[in-house]
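The values are calculated or read from the model by the stated rules, or taken from the named source; none is laboratory data. For clarity, every value in this text was computed on a predicted model and none was experimentally measured. With ideal geometry, Cβ positions are generated from the backbone for all residues, glycine too; neighbour counts draw on all protein chains shown. When the accessible area is computed, the model is the full protein with side chains, heavy atoms only, and any ligands, DNA or RNA have been set aside. Shrake-Rupley method; radii C 1.70, N 1.55, O 1.52, S 1.80 Å.
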There are 2 protein chains.
Amino acid sequence: MPFKLFLEMKRIVDILKDDPSMVEITVKGWVRSFRNDRFIAINDGSTIKNLQAVIDPEKIDQAVRDQITVASAVAVTGNLVESEGKGQRVELQANSVEILATADSEEVAKTILSPKRHKLDTLREQAHLRVRTNTFGAVMRVRAALSFAIHKYFQEKGFYQAHTPIITGSDAEGAGEMFRISTLDTKNPPLTEEGEIDYSKDFFGKETNLTVSGQLEAETYAMGLGQVYTFGPTFRAENSNTSRHLAEFWMIEPEVAFNDLDANMDLAEDFIKEVIKYTIEQCADDLEFLEQRLVNEDKLKPQAERSPMPLREKLEFVLKNNFKRVSYTEAIDILKNSKPNKKKKFNYVIEEWGADLQSEHERYLVEKHFKCPVILFDYPAKIKAFYMRLNDDHKTVRAMDILFPGIGEIVGGSQREERYDVLKQKMDDMGIPEEELWWYLEMRKFGSVVHSGFGLGFERLVMFVTGMGNVRDVIPYPRTPGNAEF
Amino acid sequence: MPFKLFLEMKRIVDILKDDPSMVEITVKGWVRSFRNDRFIAINDGSTIKNLQAVIDPEKIDQAVRDQITVASAVAVTGNLVESEGKGQRVELQANSVEILATADSEEVAKTILSPKRHKLDTLREQAHLRVRTNTFGAVMRVRAALSFAIHKYFQEKGFYQAHTPIITGSDAEGAGEMFRISTLDTKNPPLTEEGEIDYSKDFFGKETNLTVSGQLEAETYAMGLGQVYTFGPTFRAENSNTSRHLAEFWMIEPEVAFNDLDANMDLAEDFIKEVIKYTIEQCADDLEFLEQRLVNEDKLKPQAERSPMPLREKLEFVLKNNFKRVSYTEAIDILKNSKPNKKKKFNYVIEEWGADLQSEHERYLVEKHFKCPVILFDYPAKIKAFYMRLNDDHKTVRAMDILFPGIGEIVGGSQREERYDVLKQKMDDMGIPEEELWWYLEMRKFGSVVHSGFGLGFERLVMFVTGMGNVRDVIPYPRTPGNAEF
């Protein structure tokens, strides 16, 4: 079958690796710059690098040359020759130039497409254009590479992706505040005899919300397929206007039958390392650019806030070192005896075992004490979710969190409570309504084996790998309190 | 790094390919049957096939043997030997059996886990258990293989996945009725002075909905990265209780810069064929099972309703034949002159050019007239969305639908209107509010090149490949009017 796109057109990422040739080719892309009426830098989105096309001004009409402006699109036909310029092996000796789409320079000047430095928040306001900039092109290619690496990893390890539901009839998942979904007439909703909103008349015949996690459903699938994972959007209706929180974000949640917590930690560590490794291999040019971007950005910051390592060195460091595995109890000891705790420099001073760890404590452990990724495990049962497996001490559960430098919690996981009676008791104690999660409990009656899993916040991983400091800059159209533009 | 899961345990799909060996192995899985106090059929979800473990009743305690019941979980340690049984090369000669999890036979008897035929709607009511059955194990493995095939295809062709937003501030996408998202107090919502609901006080500061399509945002990304695709959940708040409609379903939407409608059709056809091909290769055993399942099901149906071809033959047929490309105008001629139209057997008799095609017409074209997948293109502008590119006849747009036998529309796509003035006029004419889609329109000012894309309903594809007749049976937890269980 003829497949026009790929027969007609070669992408610039591949052309730049080609040898000079006398075969005429046509390249389509957007103009990033046009110097001296002669040198067009063309980008087609396939790479951060531009292809330089060299035109002979005398051969190309003035009218055409006038339209070769920043952000316009051109098709240049010519021969690939050895480049005399720096930083490129080849360039395109143009025989003809066709204007595919214009871009009015005055209009461009009003936007982030204009060739100068723009602030990240200005770029955010023009999120429909920002992917055309070097920074966002690079970030989004890295994001896509990480995304594929995740599917590839699980595929090779024999996992099946399970598409767990986005709309849920349960609000008991316990991971956070939820968004309500409805098709009822908000102004005149149907009411019950008691004067309450009558959700039995709503689309799904009951109150429904956007999911905060696919874990519970993924567990049911692990009991059938053995090893599954989800990779989908999850939601938090929390009024957190921080650089690390989104109301809508993507999460990866593997769930594995027969895996205990140790195996779960092994899986998480291996998984993170492998997907980063793949991305380093696939995105060398983008990461080089992003590393330099970070260096430039750091120059504007006080010494103490600068990145301790260049971006790629940081990634290699993660690959080469084992994550440090520390029990919650050990961590509390370290924190209690730490200088900032003794000098009461923490906002929340650690007084005793059982305290919930705050971001400041996690950062101390990761960035000051261990200076590497840390896995904390065996947390107090009281500060963790109902579904985590109770240890024999009856005080702690088989939970684990992975903490990353600069990012904080990137993974939260646990071995799940597989014992029917223990789970039922826990649900009763914690007020989890059995009528909503009957199926989750019932599953424990039939061959309920040891199993475990974790959730990894995809955007946090993208932040870590790209070095971007704000989660709004690693997803195409961020959703945060007060913002659902585009 | 030690990676316990995969060091300790080999999956049955791999074991079944192994040669007999004197090395002792341990297999963990669920009991599918236990015959003659001797033969355990073990399944671990990695394949539809069971591993037979043979125990010597005299060596295994009665107490243990009593717990080897359907749906219980066991770890069997032994040697892989040549099998004397039919249908398997190897079996496990057990040295020891450990019960990992029990399953009370009386409780199992009340569920779909009991070893007898259950109706698909009974299985649907126990969706948390159905993946443990042969049919749903096979369907969900095929679904996962198709899902991976899609990512792999786009990766190899140089596409980047773009995660377009699920929550949208726009209700102008035009693909269907939407679900509203809110965190307002439904009983006492804040009101404006005019007595309307004050959405400025809602979480996002405006009215928000669940997306019906990521296309418009994907277009903005194609203008930066060249070739992108989405693969995410989309929503329709339509009261369609059919075997082909879900309120929540997954959609794939590629969008390609520089591609016209012909190239778009090429891409769609190549894409569908390649992902089916990959799945045939990966899921041979599951497809064999599903083919037989369909044969058995067909036996209960009248001749006219049976599948015209066995499942795998149907898939091969799609791979081997070009999709028939037919303009809407040609299709109308064929339909006008068709027997069912002349005899007024259609519910909607085709009278003239401009009529919207109904499912009955599409089925006639695909199943009776052409007897192969059909691509219809160049539809009347009046019956298609505002963003489709107007042809020079000013009557038709560069739209295309791909119709599949037994499934109907599986793909809908178009070349997009890239001309600012034409798009603006179209939006005005069709009442699309510019204040919501200003960014979509503005994009046309800056290097707005020819581009096109399509949407493929993932569940329709899974239905086609698995031969399942109801869309509720190809997604783990279906969402339909009145149903958001689990």
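Miscellaneous remarks
- The lysines within cross-link reach of B:Lys395, meaning a Cα-to-Cα straight distance under 22 Å and a gap of 8 or more places when in the same chain, are B:Lys336, B:Lys382, B:Lys384, B:Lys424, B:Lys426.
- A Förster distance of 45 Å, applied to the separation of the beta-carbon atoms of A:Glu297 and A:Glu330, puts the FRET efficiency at 0.80.
- Where labels lie 7 Å past Cα in the beta-carbon direction, separation of A:Trp438 and A:Asp121 in nm: 5.2
- Surface composition of chain A: carbon and sulfur atoms hold 46% of the protein heavy-atom accessible area at a 1.4 Å probe.
- Each copy carries a label point for B:His369 at 7 Å from Cα toward Cβ; from one copy, the others' points are 7.3 nm away, ordered from shortest.
- Going from the chain on its own to the full set of protein chains, segment B:121-146 has these residues losing 20 Å² or more of accessible surface (heavy atoms, 1.4 Å probe, no ligands, DNA or RNA): B:His128, B:Leu129, B:Val131, B:Arg132, B:Met140, B:Arg141, B:Arg143, B:Ala144.
- Taking 14 Å as the straight-line reach from the Cα of A:Lys206, the aspartates and glutamates in range (excluding those fewer than 8 positions away in the same chain) are A:Asp171, A:Glu196, A:Asp198, A:Glu435, A:Glu436, B:Glu485.
- Using alpha-carbon coordinates, inclination of helix B:284-299 to the longest axis of chain B, degrees: 80
- Heavy-atom accessible surface of segment A:2-109, averaged per residue, reaches 50 Å², computed with a 1.4 Å probe.
- Candidate lysines for bridging to A:Lys273, where Cα separation is under 19 Å - those fewer than 8 sequence places away on the same chain excluded: A:Lys152, A:Lys157, A:Lys314, A:Lys320, A:Lys324, A:Lys371, B:Lys4
- Those residues of segment A:20-44 whose amide nitrogen sits under 20 Å from the label point placed on A:Glu84, 7 Å along Cα→Cβ: A:20-22, A:34-42
- Number of partner chain Cβ atoms within 10 Å, mean per residue of B:435-448: 5
- Rounded if a/c under 1.5, otherwise prolate or oblate - segment A:228-284, Cα gyration tensor axes: oblate
- If you sort A:Arg398, B:Arg143 by accessible surface, 1.4 Å probe, largest first, the order is A:Arg398, B:Arg143.
- q = 0.08, 0.09 Å⁻¹: log10 I(q)/I(0) that the Debye formula gives for the protein assembly as shown, counting C-alpha atoms only: -0.85, -1.08
- Site pair B:Asp19 and A:Asp198 shows an inter-label distance of 7.3 nm when each label is modelled 7 Å from Cα along Cα→Cβ.
- Shielding by partners for peptide B:194-204, expressed as the average number of C-beta atoms from other protein chains within 10 Å of each residue's C-beta, is 3.
- Per-residue mean of C-beta atoms belonging to partner chains within 10 Å, peptide B:74-84: 0
- Annotation for B:Ser240, label-to-label distances across the other copies: 3.7 nm (shortest first, one decimal, point 7 Å from Cα along Cα→Cβ).
- The interface between chain B and chain A buries about 10600 Å² of solvent-accessible area in total (1.4 Å probe, ligands and nucleic acids excluded).
- For B:Tyr348, inter-copy label distances in nm, listed shortest first [label point 7 Å out on the Cα-Cβ vector]: 5.9
- Residue of chain B whose Cβ sits closest to the axis mapping B onto A, with distance in whole Å: B:His151, 2
- Within segment B:314-355, trypsin sites (Lys or Arg not before Pro) in DSSP loop having at most 10 other beta-carbon neighbours inside 10 Å: B:Lys343, B:Lys344
- Cα centroid separation, segment A:113-188 to segment B:346-413: 33 Å.
- Between A:Leu319 and A:Arg363, the distance separating the two model label sites (each 7 Å from Cα on the Cα→Cβ line) works out to 2.9 nm.
- Listed residue (B:Ile40, B:Ser240, B:Leu319) projecting farthest to the positive dipole end of chain B, Cβ model: B:Ile40
- Charge dipole (Cα centre; +1 on Lys/Arg Cβ, -1 on Asp/Glu Cβ; no other charges) of chain A amounts to roughly 1780 debye.
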